[in-house]
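> For reference, the structure I am asking about is given below.
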Amino acid sequence: MELVLLADQPEAIPQIAKWYSDEWGYISSDNNTNDASRSTHALESKLTGYLNRDELPLILLAVEKDNDGKKRIIAAAQLRFQEMTTYPETSHWLGGVYVDKAHRGKSVAQRLINGILALTQKYGVKELYLQTEDHSGGLYKKMGWESIEQVTYHNIDVLVMKLEINQI
């Protein structure tokens, strides 16, 4: 498995948009159940803003070569600014962590998150937040993330977690 930036593999945008829409498309961004902002098409457009190498936001991909030597995307994660409007505009977030179903349970997410954490050093990020529907904290808790609060955000109960980067 190799970690690469979306900027180096922009042809991955349709796949990532489909993953995100399939996984989180039901979440409304403005309490409107007919919200189109999480459609595959809308997400493809939004993801072009993540085609960065030297600034945030960006997406890190986990890729592996198939039997024909072609790179195949198996996971994605975002390093971005302010995901929740209830937190400061300057806050940095880990978001959009998605592992293809066929690759779950193989430590792909952990390796991808560690790749994001390595990138935080380059951008001077001191603390990183995330939100998860897993109120136990799951993998994030095992990786040292602290629970901050449980909130309802876009009609979904989520756990907000934080990691002090200097603890890595």
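The values are calculated or read from the model by the stated rules, or taken from the named source; none is laboratory data. Bear in mind that the values here come from a model prediction, so they are computed numbers and not experimental data. Virtual Cβ from ideal backbone geometry, glycine too; neighbours counted across all protein chains shown. When the accessible area is computed, the model is the full protein with side chains, heavy atoms only, and any ligands, DNA or RNA have been set aside. Shrake-Rupley method; radii C 1.70, N 1.55, O 1.52, S 1.80 Å.
> Placing unit charges on C-beta atoms (Lys and Arg positive, Asp and Glu negative, everything else neutral), compute the dipole magnitude of the chain about its Cα centre in debye, rounded to 20.
Rounded to the nearest 20 debye, it is 500 debye.
> What residue among Trp24, Trp145, Trp93 shows peak mean-square fluctuation when the chain is described by a Gaussian network model with Cα springs under 10 Å?
Result: Trp24 has the largest fluctuation of those listed.
> Within the accessible area of the chain, what % is carbon and sulfur when the probe is 1.4 Å and the other protein chains stay in place?
Reported share for carbon and sulfur atoms: 45 percent.
> Report, as a whole number in µm² per second, the diffusion coefficient that Stokes-Einstein gives for the stretch 23-168 at 37 °C and 0.692 mPa s using the Kirkwood radius over alpha carbon pairs.
Taking Rh from Cα pairs, D becomes 201 µm²/s.
> Name the helices (complete DSSP H segments) of the chain with a Cα length along the long axis of 18 Å or more and a Kyte-Doolittle mean of at least -1.0, or state none.
108-122
> I'd like to check one number: the per residue accessible area of the chain, probe 1.4 Å, reported in Å² as a whole number.
Counting only protein heavy atoms, the per-residue value for the chain is 54 Å².
> Long-range amide H contacts for Asn52: which residues qualify at under 5 Å (H placed 1.01 Å from N, peptide plane, sequence gap of 5 or more or a different chain)?
Close amide H contacts, sequence-distant or interchain: Ala7, Ile59.
> Positive end of the dipole of the chain, charges at C-beta (+1 Lys, Arg; -1 Asp, Glu), about the Cα centre: which of Val160, Asn67, Gly144 has its Cα farthest in that direction?
Positive-end residue among those listed: Asn67.
> PRE reach from Ile156 (point 7 Å along Cα→Cβ): which of the stretch 60-94 fall under 19 Å by backbone N?
The answer is 60, 75-87, 92-94, whose backbone nitrogens lie closer than 19 Å to the label point.
> Output the Kirkwood hydrodynamic radius of the stretch 103-168, Cα pairs only, in Å rounded to one decimal.
Computed over Cα pairs of the stretch 103-168, the Kirkwood hydrodynamic radius comes out at 12.7 Å.
> How far apart, in nanometres, would the label points at Phe81 and Glu164 be if each is projected 7 angstrom from Cα along the Cα-to-Cβ direction?
My value for the distance between the label points is 2.6 nm.
> How do 109-115, 80-86 rank on mean C-beta neighbours within 10 Å, highest first?
Answer by packing, highest mean first, reads 109-115, 80-86.
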